[in-house]
Each structure stands twice: as structure tokens, then as C-alpha cells.
1. Order 108-117, 182-191, 121-130, 226-235 from most to least packed using the mean count of other Cβ atoms within 10 Å.
2. With N set to the residue count of segment 2-264, report its C-alpha Rg divided by 2.2 N^0.38 Å to two decimal places.
3. How far apart, in nm, are the 7 Å Cα→Cβ label points at Glu150 and Trp125?
4. Computed over the Cα atoms, what is the radius of gyration of segment 167-269 divided by 2.2 N^0.38 Å, N being its residue count?
5. Tell me which trypsin sites (Lys or Arg not before Pro) from segment 12-96 have a DSSP coil assignment and no more than 14 other beta carbons within 10 Å of their own.
6. Along the positive direction of the dipole of the chain (beta-carbon charges: Lys, Arg +1; Asp, Glu -1; about the Cα centre), which of Ala201, Leu72, Gly14 reaches farthest?
7. Is the shape of segment 186-246 rounded, prolate or oblate, going by the alpha carbon gyration tensor and its root eigenvalues a ≥ b ≥ c, with a/c under 1.5 for rounded and a/b larger than b/c for prolate?
8. For the pair Lys140 and Ser268, what calculated FRET efficiency results from E = 1/(1 + (r/R0)^6), where r is the Cβ-Cβ distance and R0 = 35 Å, to the nearest 0.05?
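The values are calculated or read from the model by the stated rules, or taken from the named source; none is laboratory data. The structure presented is a predicted model; accordingly, all values stated were derived computationally and were not measured. As a convention, Cβ positions derive from the backbone with ideal geometry for all residues, glycine included, and neighbour counts pool all protein chains shown. Keep in mind that these areas ignore ligands, DNA and RNA; they rest on the heavy atoms of the full protein, side chains included. Shrake-Rupley method; radii C 1.70, N 1.55, O 1.52, S 1.80 Å.
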Amino acid sequence: MYDGHIHSPYCPHGTKDSLRSYVDKAVDLGYSAMTFTEHAPLPKSFTDPVPLKDSSMAFGDVEEYIRNLQDLKKEYHNTIRVKIGFEVDFIQGFEGETKSFLQEYGPEMDDSLLSVHFLKGKNDWHCIDYSPEMFAEAIKDFGSLHHLYEEYFTALQSSLNADLGRNKPRRIGHMTLIRKFHSLYPSPKGWEATALKLLEAVKKEGCEIDYNGAGLSKPYCRESYPPYNIAKQAHEKGIPLIYGSDAHGVSALKQGYEELDSSLLKRSL
Ligand SMILES: [Zn+2]
Ligand SMILES: [Zn+2]
């Protein structure tokens with residue numbers, strides 16, 4: 001049992017549950033390995049579009065986060081493998097700053113995720129998973145839901161192609177996050193074909209996929225990221241799928257796991 005997507009008390013929109021409490025709970029749940037993937041600090045020249053500007057951890061906390069995880073990793077090494085990582089945002093136009101972050105901290109990272117949460121419309125930046133209201137604003141700014149989806153998958157494609165240096169994360173975070181509010185805003189026709197096409201690029205780049213259980217508990221989503229059919233096809237193509245709880249608190253560890261098809265998950269790590 002491995003969980004490759006876990007947040008921490010350093011996340012300003014999460015809980016204050018301690019790193020140690022996550023590790024203890026993971027041991028109780030029978031995990032053999034876990035990666036902490038806190039939201040890496042956003043590029044300094046990027047303005048976080050959410051009202052409280054709390055999408056990522058603070059730059060000033062990065063070294064403490066790494067140090068504390070290094071200590072836990074040593075302390076628990078006979079019980080569970082604790083890995084150090086980040087959920088790194090791919091933000092189009094800010095690749096240079098992202099690359100320098102990875103250059104600086106990549107050597108401390110065991111495993112990481114590359115995710116798209118932010119998209120620029122005609123006028124503004126939007127966080128696509130923040131709230132149904134912000135999602136509605138994004139649709140308006142992009143001109144249509146169809147365009148918003150198109151831009152989302154284009155951004156994922158660019159994230160796969162981007163040169164972010166040798167420490168570039170190898171796993172794509174929640175590749176269908178754009179579906180978070182799909183029962184309010186039904187996905188445009190053909191979206192699944194676009195998502196399936198993306199798998200080709202994932203395969204070509206030799207990347208992995210975060211098989212993320214968080215969407216299953218979101219009231220307007222109720223499915224994994226990606227949903228079963230896409231996960232199955234990824235598996236058939238030989239793309240490794242790694243379970244991710246995307247927990248922002250100890251109680252969310254292992255969330256959605258029982259509802260996923262665990263036979264699709266990568267066997268060994
Ligand atoms: Zn988060
Ligand atoms: Zn995320």
C-alpha cells in the first residue's frame with residue numbers, strides 16, 4: 001500500500017495535523033510507503049488568484065519541511081518508507097521560476113507531482129478547483145466550457161513537454177481535475193477522447209499518473225481522477241498508476257482507495 005500524494009501542516013488551506021500524525025496513521029492503515037507532496041511555493045512573480053492567496057506553502061517553510069521529513073524518514077525507516085516530495089504547479093509562462101525551484105530543491109526530493117490548477121483566460125488567472133463560483137467565472141472568461149477544457153488539456157500537454165530540468169516531477173497529478181464540478185457543469189462532448197489522447201504523451205515522456213481518490217468525496221465530482229475507464233486504458237498502455245489520497249488531514253489518508261480498482265496500481269516501487 002503506497003500513497004504518493006499527501007499534504008501536510010505546511011499547507012495553508014489544509015489542517016494543522018502534524019507530519020508525525022500522518023506517518024503514525026499511515027502505519028495503522030498498513031501503508032508500506034508514503035510521499036509527502038506539499039504544494040510547492042508558487043513562483044514569486046505569479047499572483048495566486050484565490051481570495052486568501054493560500055494555494056501553496058510559503059517559501060520560508062521549505063527548508064523546515066524538508067528537514068522535518070528527513071528526520072521522520074530516518075526515525076521510521078524500519079516501519080515505513082517516508083518519501084519527500086512536492087506537488088509542483090505547472091503554470092504556463094512561469095516555467096523559468098519553476099525550473100529554478102526544482103534546481104534548488106530537486107536534489108532533496110525523492111518523488112514529486114506536476115499538476116495544473118491555474119489557467120489564464122482572456123482577462124484573468126483562475127484556479128480551476130477552488131469553487132463552483134470561480135469555475136463559472138473561468139468559463140465566462142474563456143468564452144465557453146469547451147474552451148476551458150481545451151486549455152486545461154493543452155496545459156497538461158505543455159507540462160509534459162516543458163523543459164523543467166533534470167529534477168522535473170515524473171508523475172502527473174489528478175489529470176482530470178477539470179471534472180471536479182462536472183455534475184454542475186457537464187463536461188463537453190469529446191472530453192474523454194482528449195484525455196485519452198494525453199495518455200500517449202504521458203507514455204512517450206515515460207511519466208506516471210496519480211490515481212487520485214479525492215474526487216470521489218467531492219460532492220459535484222464523485223469519481224476518481226482520472227475515472228476508471230481512463231485509468232484502465234493508462235494501465236493497458238503500461239503507464240504506471242500510483243494511488244494518491246491527496247489528504248489535507250490525517251483523516252483523509254486512504255480516501256477513495258476502496259472505490260478504486262487497485263489491480264490497476266503499480267505493483268512495486
Ligand atoms: Zn491543496
Ligand atoms: Zn492538486
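1. Details: 108-117: 22.5, 182-191: 14.7, 121-130: 17.0, 226-235: 18.9.
Going by the mean number of other Cβ atoms within 10 Å, highest first, we get 108-117, 226-235, 121-130, 182-191.
2. Numbers: Rg = 17.3 Å, N = 263, 2.2 N^0.38 = 18.3 Å.
In units of the 2.2 N^0.38 Å rule of thumb, it is 0.95.
3. With each label placed 7 Å out from Cα toward Cβ, I get 2.4 nm.
4. On the way: Rg = 13.3 Å, N = 103, 2.2 N^0.38 = 12.8 Å.
Expressed relative to 2.2 N^0.38 Å, the Cα Rg reads 1.04.
5. Numbers: sites: Lys16, Arg20, Lys25, Lys44, Lys53, Arg67, Lys73, Lys74, Arg81, Lys83; in loops: Lys16, Lys44, Lys53.
Sites meeting the loop and neighbour criteria: Lys16, Lys44, Lys53.
6. Ala201
7. Working: a/c = 2.44, a/b = 1.27, b/c = 1.93.
Here segment 186-246 falls in the oblate category.
8. Details: r = 46 Å, r/R0 = 1.33.
The value I calculate is 0.15.
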